[in-house]
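**Q** Below is one structure. I have some questions about it.
The values are calculated or read from the model by the stated rules, or taken from the named source; none is laboratory data. Model, not experiment: these values are computed from the prediction. Cβ placement follows ideal geometry from the backbone for every residue including glycine, while neighbour counts extend to all protein chains displayed. Surface accessibility is based on the protein's heavy atoms, side chains included, excluding ligands, DNA and RNA. Shrake-Rupley method; radii C 1.70, N 1.55, O 1.52, S 1.80 Å.
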Amino acid sequence: MLNADLHCHSTVSDGTLTPEALAERAKANGVELWSLTDHDEIGGQQRALDAARSQGMKYLTGTEISVTFAGQTVHIVGLGFDHRNTALSEGLSRTRGGRGERAREMSEGLAKVGIQGAYEGALKYVGNPELISRTHFARFLVEAGVCKDTPEVFRKYLTEGKPGFVPHRWARLQDAVQWITDAGGMAIIAHPARYSFTPNEEYALFTEFKAHGGRGVEVVTGSHSSQEALRYAETAIEFGLAASRGSDFHSPDESHTDLGALPFLPGQLTPVWEVLADRIQ
Ligand code: AMP
Ligand code: MN
Ligand code: MN
Ligand code: MN
């Protein structure tokens, strides 16, 4: 089967490697078809496409849009769109819009439990001023010696109910799906096992996603166990969705799953790259 890795992050969002360094690493790991999917941002797409070309890899344009659905954050990966599409760029720009204010509020929350200067500290790790994320705060808190690694920071400080967590309203599901599909791409539900929906809410997510024009689900991703992959393979069949595969690689120091180092898709699924064959560059 094709070694496709269709989910990762660069310094244009919350990854630590540049698009060029990611392309080099993907190639060295045997990736044949690659996509850079920065959060709420497509500013790295031309660089990623050029880097993929010079490495001799096939490329699909990509992004990962933050959405609020039933009170939770859901990530929608978009693949194979025209990265010069204006409505998509504007939608992503609006989605990024609240991150600066949210970051200041996160910093205030952390200051209340005695962690000073977190906003400035996080900024040192930011590669794109419009894309300050919880990941950048997590890196600063590790550097400051508050926690031993980033998962510990999320557990203790950056998730619902913890001092650095600020609830945020992201894009609407229907808008994210529409921006991607109107730009010629495919919308895909990212890492579905990571949400804490009830069975009814999850059913509503997949049903509404499909009704809005969504066509894929990530079945194999860095954060899915083999059981979770099998479970969402069944969901893909149940909802008639194509299946995607992506490491969600962020950093050599932080990510357990390296680029391209993933199990293959379970059988009987339609890979997203077959549906997107004419969008591959
Ligand atoms: P944000 O978009 O600012 O809310 O940040 C979300 C990002 O934080 C995700 O894309 C992950 O990179 C990272 N993240 C979320 N939860 C965790 C966790 N439990 N451990 C490590 N990183 C996490
Ligand atoms: Mn991330
Ligand atoms: Mn995600
Ligand atoms: Mn991701």
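**Q** Between HIS168 and GLU234, take the C-beta separation as r, use R0 = 45 Å, and let me know the FRET efficiency to the nearest 0.05.
**A** 0.90
**Q** Which net charge results when you count Lys and Arg as +1 and Asp and Glu as -1 among the other residues whose beta-carbon is under 13 Å from that of THR207?
**A** My count for the surroundings of THR207 gives -3.
**Q** Return a whole-number percent for the relative contact order of region 1-143, with Cα pairs under 8 Å and 6 or more residues apart as the contact set.
**A** 21
**Q** Which order do ASP40, ASP248, ASP50 take by accessible area at a 1.4 Å probe, largest first?
**A** ASP50, ASP248, ASP40
**Q** May I pose another question? For the chain, with the dipole built from +1 on Lys and Arg beta-carbon atoms and -1 on Asp and Glu ones, taken about the Cα centre, which of ILE189, TYR232, PRO163 lies farthest toward the positive end?
**A** PRO163
**Q** Now for a separate question. Percent of accessible area on region 144-183 owned by carbon and sulfur, 1.4 Å probe?
**A** 48
**Q** Also: Rolling a 1.4 angstrom probe over the protein heavy atoms, how many square angstrom per residue are accessible across the chain?
**A** 43
**Q** Then there is this: Calculate the spin-label point distance for THR270 paired with LYS112, positioning each point 7 Å from the Cα along the beta-carbon direction, and give it in nanometres.
**A** For LYS112 paired with THR270, the spin-label model returns 4.9 nm.
**Q** Return the single residue from GLN227, GLN46, GLN116 with maximal mean-square fluctuation; model: Gaussian network over the chain, springs between Cα atoms under 10 Å.
**A** GLN227
**Q** Running a GNM on the chain with Cα contacts under 10 Å, which residue among VAL219, VAL77, VAL113 ends up with the highest mean-square fluctuation?
**A** Looking only at VAL219, VAL77, VAL113, the largest GNM fluctuation is found for VAL113.
**Q** I would also like to ask the following. Any idea how far apart GLU24 and GLU120 come out in nm if each label point goes 7 Å out from Cα toward Cβ?
**A** 3.4
**Q** Sticking with this structure for a sec: If r is the Cβ-Cβ distance from ASN200 to THR86 and R0 is 30 Å, what FRET efficiency results, to the nearest 0.05?
**A** Step by step, r from the Cβ atoms, then E = 0.20.
**Q** Anyone know which of ALA138, ALA23, ALA243 comes out most mobile in the 10 Å Cα GNM of the chain?
**A** ALA138
**Q** Over 10 Å intervals from 0, what percent of Cα-Cα pairs in region 84-125 sits in each interval?
**A** For region 84-125, the binned pair fractions read 27, 36, 22, 13, 2 percent.
**Q** Something else now. Given R₀ = 35 Å, FRET efficiency for ARG155-SER54 by Cβ-Cβ distance, to 0.05?
**A** About 0.30, to the nearest 0.05.
**Q** How far is the Cα center of region 130-178 from the Cα center of region 190-235, in Å?
**A** 22
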